[in-house]
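Contents: one structure, followed by commentary.
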Amino acid sequence: MLVDILTLFPGIFTGFISESLLAGAVRNGLLTVRLHNMRDWADDKHNTMDDTPAGGGAGMVLKVDRVVPSVEAVQAIDGDAGKLVMLTPQGRTLNQRIAESLAKERRLVLLCGRYEGFDDRVRQILNPDEISIGDYILNGGETAAMVLIETVMRLIPGVLGDRDSSKFDSFSNGNRLLESPQFTRPREYRGLQIPEVLLNGNHAAIEKWRQEQSQKLTRERRPDLFDRERE
Ligand code: 6GU
């Protein structure tokens, strides 16, 4: 998968893409991430990216005549313009189903906003898929883009080894149950034991215990998920 990120702060992403699983996916050629400073692409001799809001009010608005040309220039780098995603608190809320659908794309172009947002005409002209990561306000779309990339790349075949396949993750493949508690050695710590059932090698009993724990945890903590699971 090819991921192009348009941002005014590309430095925010450098540690993120050079560490851990993401770095492995890049090394294995499963993922290419390209960072673009919108300021560099704006086809204009001035590089002012924002201006005061029409009608007054606090903050600054990202200029349509800077943002649209930079997105179009990045889209044109490749024959396939890709799926354009705008990270904005006004978007639909990211969930596993949306991530599964984005994981099928060949190319994603992620547009990160800052300040008070984009001039609305950016949305009207480019018609992006608008995505939020939840009901709270961030300083900008960059951290939301990282959340989206991490969620999507786990679903690309080969990115995770077999050992930690995402197939059975909570929220995957219609699974709406939280995962059961996990334990590892030592067997006892500060008087707390690993549940006996996990130590006796009876795989059917272990599976049954995990199912029960999963259901109990979901019923207690996320009754909203539990009700949907039973539908
Ligand atoms: Cl995508 N952007 C900002 N600024 N705040 C958010 C968000 C995005 N998603 C949740 N809050």
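The values are calculated or read from the model by the stated rules, or taken from the named source; none is laboratory data. Just so it is clear, the structure is predicted and the values come from calculations on it, not from any experiment. All Cβ positions, even for glycine, are placed from backbone atoms using ideal geometry, and neighbour counts span all protein chains on display. With ligands, DNA and RNA removed, areas are computed over all heavy atoms of the protein, side chains included. Shrake-Rupley method; radii C 1.70, N 1.55, O 1.52, S 1.80 Å.
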Inset, instruction - Mind listing whichever residues of the stretch 3-40 are among the charged types (D, E, K, R) and not in a helix (DSSP H, G or I)? - result: D4, E19, R34
Legend entry - Among the residues listed as I125, I131, the single one being farther than 18 Å from F9 by Cβ, within 13 Å of the chain's Cα centre (by Cα) and aliphatic (A, V, I, L, M): I131
Legend entry - Segments classed as strands (runs of 3 or more DSSP E), wholly inside the stretch 83-191, with at least 1 members that are among the polar types (S, T, N, Q): 83-93, 129-132
Inset, instruction - Pull up the stretch 1-40, narrow it to residues that are under 14 Å from M153 (Cα atoms), among the β-branched types (V, I, T) and modelled with pLDDT under 95, then point me to the one that is surrounded by the most Cβ atoms within 10 Å (Cβ to Cβ). - result: I17
Legend entry - Scope the stretch 41-56; condition open to solvent by less than 50 Å² (accessible area, probe 1.4 Å) and not in a loop (DSSP other than H, G, I, E, B); matching residues: D50
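Could you pull out the residue among R114, R66, R107 that is surrounded by 17 or more Cβ atoms within 10 Å (Cβ to Cβ), within 16 Å of the ligand (Cβ to nearest atom) and basic (K, R)? If you could, list the steps in order and put the result at the bottom.
Values: R66 fails: within 16 Å of the ligand (Cβ to nearest atom); R107 fails: within 16 Å of the ligand (Cβ to nearest atom).
Just one listed residue meets the conditions, R114.
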Legend entry - Single unsatisfied condition, L148 versus (1) farther than 18 Å from L31 by Cα; (2) buried (at least 19 other Cβ atoms within 10 Å of the Cβ); (3) in contact with a strand residue (DSSP E or B) (Cβ under 9 Å, 6 or more places away or on another chain): (1)
Inset, instruction - Determine, yes or no, whether Q124 is within 14 Å of the ligand (Cβ to nearest atom) and over 24 Å from S172 (Cα atoms). - result: no
Inset, instruction - All but one of (1) surrounded by fewer than 17 Cβ atoms within 10 Å (Cβ to Cβ); (2) out of contact with any Asp or Glu (no Cβ under 7 Å at 6 or more places or on another chain); (3) not β-branched (V, I, T) hold for G59, so report the exception by its number. - result: (2)
Legend entry - Residues satisfying the stated conditions in the stretch 11-56, i.e. farther than 30 Å from L160 by Cβ and in contact (Cβ under 8 Å) with a residue 40 or more places away in the chain: M49, D50, P53
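So for the stretch 164-177 (the condition being within 16 Å of the ligand (Cβ to nearest atom), surrounded by 18 or more Cβ atoms within 10 Å (Cβ to Cβ) and either under 15 Å from the mean Cα position of the chain (by Cα) or closer than 13 Å to V3 by Cβ (or both)), does at least one residue qualify? Full working, then the answer.
So the first thing to find is which residues in the stretch 164-177 are within 16 Å of the ligand (Cβ to nearest atom), and the list is none.
Taking every residue of the stretch 164-177 in turn, none turns out to be within 16 Å of the ligand (Cβ to nearest atom), surrounded by 18 or more Cβ atoms within 10 Å (Cβ to Cβ) and either under 15 Å from the mean Cα position of the chain (by Cα) or closer than 13 Å to V3 by Cβ (or both).
Kindly provide the set of residues from the stretch 192-231 that are of a type in the set (F, W, Y) and either assigned to a loop (DSSP other than H, G, I, E, B) or modelled with pLDDT of 95 or more (or both), ordered by number.
First, the residues of the stretch 192-231 that are of a type in the set (F, W, Y): 209, 226.
Passing the criteria: only W209.
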Inset, instruction - Determine which single condition Q193 fails, assuming it passes every other condition in (1) crowded, with 16+ Cβ neighbours inside 10 Å; (2) within 27 Å of R221 (Cβ to Cβ). - result: (1)
